[in-house]
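Notes to accompany the following structure.
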Amino acid sequence: MSMARLQEFRSAARENGYDEVNENAEGDIIWLRKATPDIGTETHKRLCIDSVTGSATVFWQTIPTKINSKTFRTVSSLKDWLA
């Protein structure tokens, strides 16, 4: 993934309330966390930007034992979903 595209994913996440949590040593995966927890589950959505696959995946909890995820291959599709 190009550095510009990585920054676009990162910017889209930050514009929608995600804060950077962790970047691995090689820099190919970046984890972000929604600043405010979801109502009902009190958990924070997580977002993983993967430069190897060129995608961003959002993870969230709907009930205590159910984790959902959605993967985005384009920045525009991530922005649309976050809106």
**Asked** Relative to the compact globular guide of 2.2 N^0.38 Å, what is the alpha carbon radius of gyration of the chain, as a ratio?
**Response** 1.05
**Contact order relative to length of the chain, as percent, for alpha carbon pairs under 8 angstrom and 6 or more apart** = 23
**Cβ crowding within 10 Å averaged over residues, with 59-71, 10-22 ranked highest first** = 10-22, 59-71
**Asked** What is the magnitude of the charge dipole of segment 3-82 about its Cα centre, with +1 placed on the Cβ of each Lys and Arg, -1 on the Cβ of each Asp and Glu, and no other charges, expressed in debye to the nearest 20?
**Response** 260
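Where a number appears in this text, it was derived from the coordinates with a stated rule and is not lab data. Everything numeric in this text was worked out from a predicted model, so none of it was measured. Here the Cβ is made from the backbone with ideal geometry for all residues, glycine too, and neighbour counts use every protein chain on show.
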